[in-house]
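Peer 1: The structure that follows is given in the form of structure tokens.
The values are calculated or read from the model by the stated rules, or taken from the named source; none is laboratory data. Note that the coordinates shown come from a computational prediction; the quantities given were computed from them, not determined experimentally. Cβ coordinates were reconstructed from backbone atoms using ideal geometry, including for glycine residues, and neighbour counts include every protein chain displayed. Side chains included, ligands, DNA and RNA excluded: accessible areas come from the protein's heavy atoms. Shrake-Rupley method; radii C 1.70, N 1.55, O 1.52, S 1.80 Å.
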Amino acid sequence: MRSPFALWLQHLWTFSLCLLWVAVTRAGTLPLNCQNNCICASDIISCPKKELVVVPSGIPSYTAMLDLSHNNLVRLRAEWTPVPLKRLHTLLLSHNYITFVSADAFILTPHLRHLDLSSNKLYKLEENAFSALKQLEVLILFKNSIADIDRSAFDEMKHLQKLYLSQNHLTHFPGELVNNREILPELTLLDLSFNQIKRLPVSQLTTLPAWLSNGLYLHGNPLTCNCDMYGLFWSWQVRQLSPIVDFRDELRCNYFSKDKVEAVNIFSLSGIKDLNCSAVTEAGMEVYLGDTVTLNCDTKHRGMTQVWITPGNEIIQMELNEHVKNHSISVLNNGSLQIYPVRIEDRGIYTCYAQGNVPNETLYVTLNVFNFTRHVHQETLNTAYTTLVGCVASVILVLIYLYLTPCRCWCRPRDRVQGEDRDSIRSSVLSATPNHETTSDKAALSRHVAFLEPSGDLRGQNGKLKPNGSQETAGIKGSPFPPSSPHRKLSDPGSISSVFSDTPIVV
């Protein structure tokens, strides 16, 4: 017989096992049971609506698809699977209560291609949250509470093609996801609908290729109405891109009037007088003679084969490029048409036929060629600049001549003979006729320069000059020449003009 102590130990062990079983059952950590808890069909494990708190243990390594949706999972850490699941390509975790996903949670699932985390409680995408999923193609995150995305959350995801972020709390457009093609180079669909985005980086979005704009969904956001955004969506409407064709009625924006805020359809902005938005049409390219021009066939789908038709109805394909002497037209690897050098006869409408597995697409590009080279145009600008500089230099020289030339003779200090005064100079009889004195006589004379002013009254009635008026002309004091008659008459008006001339006279 067993001792009472042994019996007591046996009962204690049994009781402990019962408590452990209850705890395990309540915590949901029971081993995988393909008969009661889950459905196991070959490499598919489906455990939906089982009120699981944690992932069941014992998931086979050959599992290719795992469905854990509609449960009570809260966190996803690295230990959720103790063995590598190298064949797992689809993981469904939607409709749980997940608030946190560890950066190490997917280290043991390196070949996952489809991950569904929709309808959870995620509020932030942490640093390198999905960087371990290098083969992931589809990531579904709609209907969470995501308000912040770390810049490194999607690093190393070179094969991600579709990212669903609809029905979250994003307030800013994550421009780095589409502008930096090195982060997500294969991305073709980005769903940002029904968030809290109010403004769009229109200047950045207008430069996106059509195959990326064709998968950018922005409807359901409280956008602020403006003409730039209207022009962006109008150009997408002209191209018949999917976000506009499929959700045209849901593309609305908030128009702020004087006393209220009104949600209006974006395409009705042209009828609002305060905004005065006009329709946008695609403009052609303008180039100069001799330039190298590249015409883009901006298709809505990737992997298309482009065939070009020139204005002269010539077919240009990648295998059948046209090369003429000193002129070539060729199709590049990305489907664009390159022309070098551009000639006048190259202008016109070029047609691009894009062919592939999806419906074919036809695009038209208008090329306008200026009838002069860019170099000549630059020379014209240089000539105008040179002319302007010459005019400025001329003005400066005139100013120097007017204000910086040496003093005129009348402002210089004059050597006066003893007893000579101002009145004697004014009354001197001067003549512009050169004298014929000898050299010795000229050296003996004291030379003076004078500008004469009338000493008498030469004005008659109404202040007019008397052309034949009399004027006394007294001789210069100390002059060896006798004075003329005391009453000399001016012969004509020309004499008067000569008297008032600025021409210096040597006496």
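Peer 1: For a Förster distance of 41 Å, can you work out the FRET efficiency between the beta-carbons of R374 and R181, rounded to the nearest 0.05? Spell out each step's value before the answer.
Peer 2: Details: r = 30 Å, r/R0 = 0.73.
The value I calculate is 0.85.
Peer 1: If you average 1/r across every pair of different Cα atoms in the stretch 172-301 and take the reciprocal, what Kirkwood value do you get, in Å?
Peer 2: Numbers: mean 1/r = 0.0623 Å⁻¹.
So the Kirkwood estimate lands at 16.0 Å.
Peer 1: Using packing as a proxy for protection, rank 364-374, 254-264 so that the peptide with the highest average count of other Cβ atoms within 10 Å comes first. If you can, show how the numbers build up before the last one.
Peer 2: Working: 364-374: 14.6, 254-264: 10.6.
Descending packing order for the listed peptides: 364-374, 254-264.
Peer 1: Shifting gears a bit: Once amide H atoms are built 1.01 Å from N in the peptide plane, which residues 5 or more positions from I272, or in another chain, come under 5 Å H to H?
Peer 2: Here the answer is C277, since their amide H atoms fall under 5 Å of that of I272.
Peer 1: Given labels modelled 7 Å from the Cα in the Cβ direction, how far is it in nm from L208 to H159?
Peer 2: Placing both labels 7 Å along Cα→Cβ, they lie 2.4 nm apart.
Peer 1: Could I ask something else about it? Taking 0.36 nm per intervening residue step and subtracting the Cα-Cα distance, what contour gain separates L402 from Y364 on full extension? Don't jump to the answer; show the numbers that get you there.
Peer 2: Working: separation 38, 0.36 × 38 = 13.68 nm, distance 6.48 nm.
Here the segment from L402 to Y364 would lengthen by 7.2 nm.
Peer 1: Tell me the accessible surface of I396 in square angstrom (1.4 angstrom probe, heavy atoms of protein chains only), to the nearest ten.
Peer 2: Accessible surface of I396 is approximately 90 Å².
Peer 1: Report in % the part of the accessible area of the stretch 36-133 that belongs to carbon and sulfur, leaving out ligands and nucleic acids; probe 1.4 Å.
Peer 2: Values: 2350 of 4520 Å².
Exposed carbon and sulfur together represent 52 percent of the surface.
Peer 1: Excluding ligands, DNA and RNA, what is the solvent-accessible area per residue of the stretch 83-181 at a probe of 1.4 Å, expressed in Å²? Mind showing how you got there, number by number?
Peer 2: Values: 4320 Å² over 99 residues.
Counting only protein heavy atoms, the per-residue value for the stretch 83-181 is 44 Å².
Peer 1: Further, regarding this structure: Step through the residues of the stretch 334-351 one at a time and calculate ³J(HN,Hα) from phi using the Karplus curve (6.51 cos²θ - 1.76 cosθ + 1.60, θ = phi - 60°), rounding each to whole Hz and writing x for Gly and Pro.
Peer 2: After applying 6.51 cos²θ - 1.76 cosθ + 1.60, I find 8, x, 6, 9, 10, 10, 8, x, 6, 10, 4, 6, 7, 6, x, 9, 9, 10 Hz.
Peer 1: Roughly how much of I349 is accessible, in Å² to the nearest 10, using a 1.4 Å probe?
Peer 2: Roll a 1.4 Å probe over it and I349 shows about 100 Å².
Peer 1: Around F372, which amide H atoms from residues at least 5 apart in sequence, or from another chain, sit under 5 Å from its own amide H, with H modelled in the peptide plane?
Peer 2: L289
Peer 1: Given a 1.4 Å probe, how much area per residue of the stretch 264-313 is accessible, in Å²? Intermediate values should be presented prior to the final figure.
Peer 2: Working: 2720 Å² over 50 residues.
Accessible area per residue: 54 Å².
Peer 1: Now for a different question. So what's the net charge close to L93: Lys and Arg +1, Asp and Glu -1, counting the other residues with Cβ under 14 Å from its Cβ? Write out the running numbers ahead of the final one.
Peer 2: Numbers: positive: K49, K50, R75, R77, K121, K143; negative: D67, D116.
Residues close to L93 contribute a combined charge of +4.
Peer 1: Next question, about the same structure. Could you state the number of Å between the C-alpha centres of the stretch 217-234 and the stretch 123-149?
Peer 2: Comparing the Cα centres of the stretch 123-149 and the stretch 217-234, I get a distance of 26 Å.
Peer 1: While we're looking at this one, here's another question. Quick check: residue separation of V392 and T99 times 0.36 nm, minus the Cα distance between them. What number comes out in nm? Could the numbers behind the result be given before it?
Peer 2: Working: separation 293, 0.36 × 293 = 105.48 nm, distance 7.31 nm.
Contour length minus the Cα-Cα distance gives 98.2 nm.
Peer 1: Once you have the Cα-Cα distance between Q338 and Q240, take 0.36 nm times their residue separation minus that, and quote the gain in nm to one decimal. Before the final figure, lay out the partial values.
Peer 2: On the way: separation 98, 0.36 × 98 = 35.28 nm, distance 2.60 nm.
Separation in residues times 0.36 nm, less the Cα-Cα distance, equals 32.7 nm.
Peer 1: Could you report the accessible area of M229 in Å², rounded to 10, computed with a 1.4 Å probe on the protein chains as they sit in the structure?
Peer 2: M229 exposes around 0 Å² with every protein chain in place.
Peer 1: How many nm is it between the label spots at K258 and I315, if each spot is 7 Å from the Cα in line with the beta carbon?
Peer 2: The modelled label-to-label distance comes out at 6.4 nm.
Peer 1: Give the Rg (one decimal place) followed by the Dmax (whole number) of the stretch 140-247, computed from C-alpha coordinates and expressed in Å.
Peer 2: 13.2, 37
Peer 1: Further, regarding this structure: Leaving out ligands, DNA and RNA, and with a 1.4 Å probe, what % of the accessible surface on the stretch 201-356 is carbon or sulfur?
Peer 2: On the way: 3830 of 8200 Å².
After summing per-atom areas, the C and S share lands at 47 percent.
Peer 1: Taking the Cβ of R347 as the centre, find all other residues whose Cβ is under 15 Å away and add up their charges (Lys, Arg: +1; Asp, Glu: -1).
Peer 2: Charge balance near R347 sits at -4.
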